[in-house]
Amino acid sequence: MTPSRRNCRPLVELEAQLRVEFSAPDGPSLAGLAEVIAGLADEPPEAGLITTGLDRLAEGAPAICAEADAVLNYVFVDLGFKGNHREYYHPDNSYLHRVIDTRLGIPITLAIVAIEIGRRLGIALTPVGFPGHFLLGDGSRADRWFDPFEAGQTLDVNGCQDLLARSHPGAQLEPGHTAVLDPAEVGHRMLNNLRHIHLTMGDLSRATAVTQLAVALPGAGVAHRIELLKLLNATGRFDAAAEQHEILALLDSEHEAAHHAAATRLRFRLN
């Protein structure tokens, strides 16, 4: 039996919060996105808790934090944030309020902590969507990166090539591998991680909720909705699956008739 979601916030509320984040004049902050995603946790944080937690951490930074290296030393040495090697796939590693509490996380959440603390100190660190291993970019230098899972270890082009070869033997580093991601792309990557975790655990209910939130993010396309369709069907939510087919009929014109027919078949199952 698939476990039910417990005290997480209603999806309609999280989707509304996403719209607020993306309608902000300066766009969404990574902390704001992380707070929305944390609403999926069994014990979600109170509103604003992540932001105030990051504020407090930044306020404790020494005056020498005037460059990227000093910020990373503060985050990974003084504050003790580190990669959770023992329980890499624990859901808590993807929820920023838990990462702030435990000082343990995965590359993407550790990167967000460093980026947000750096931003508060006036130091630009950037989110880099490296294949299979999220990195930090040095906002003042285009040829230097940091590994948040390894205490902010500094990487040059050769270091990035070595890291890529470990996870993708034979692959060659390309410019796109070290591209800076926008907030929506970071959000999708966080949610992809969570969906994978819940699917591996056999928790289809939580995987479905994560995918529903991903569909609400800018940049969601046909592939996201097809993934959601599979999960809705697997959990017996045929009416919701039919609605997704109707939306896909508009987005996927090549298969419009097939989507309408599938929606009709699903609705017949409800009678």
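The values are calculated or read from the model by the stated rules, or taken from the named source; none is laboratory data. These numbers were taken from a predicted model, which means no experiment stands behind them. Methodologically, a virtual Cβ is constructed for each residue, glycine included, from the backbone with ideal geometry; neighbour enumeration extends over all protein chains shown.
Selection of the range 169-181 for residues being surrounded by 13 or more Cβ atoms within 10 Å (Cβ to Cβ), part of a loop (DSSP other than H, G, I, E, B) and not small (Gly, Ala, Ser) yields Leu173, Leu181.
Yes/no per residue for (1) modelled with pLDDT of 95 or more; (2) under 17 Å from the mean Cα position of the chain (by Cα); (3) over 23 Å from Gly48 (Cα atoms):
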| residue | (1), (2), (3) |
| --- | --- |
| Ile108 | yes, yes, no |
| Phe134 | yes, yes, yes |
| Asp138 | yes, no, yes |
| Arg141 | no, no, yes |
| Leu155 | yes, no, yes |
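For the range 255-271, the set of residues classified as touching a residue at least 24 places away in the same chain (Cβ under 8 Å) and among the acidic types (Asp, Glu) is empty. Of everything in the range 248-271, what is surrounded by 17 or more Cβ atoms within 10 Å (Cβ to Cβ) and not small (Gly, Ala, Ser)? Give them in sequence order. Scanning the range 248-271 gives Leu248, His259, Leu266.
Here Ile50 meets each of (1) among the hydrophobic types (A, V, I, L, M, F, W, C); (2) surrounded by 12 or more Cβ atoms within 10 Å (Cβ to Cβ); (3) free of Cβ contacts under 8 Å to residues at least 24 places away in the same chain with one exception, condition (3). Cβ-Cβ contacts under 6 Å between residues 6 or more apart (or on different chains), taken from a first residue in the range 227-254 that is in the same structural domain as His198 (by TED's automatic domain parsing) to a second residue that is among the hydroxyl-bearing types (Ser, Thr, Tyr) and modelled with pLDDT of 95 or more, are listed as Glu227/Thr211; Leu228/Thr211; Leu231/Thr208; Leu231/Thr211; Thr235/Thr208.
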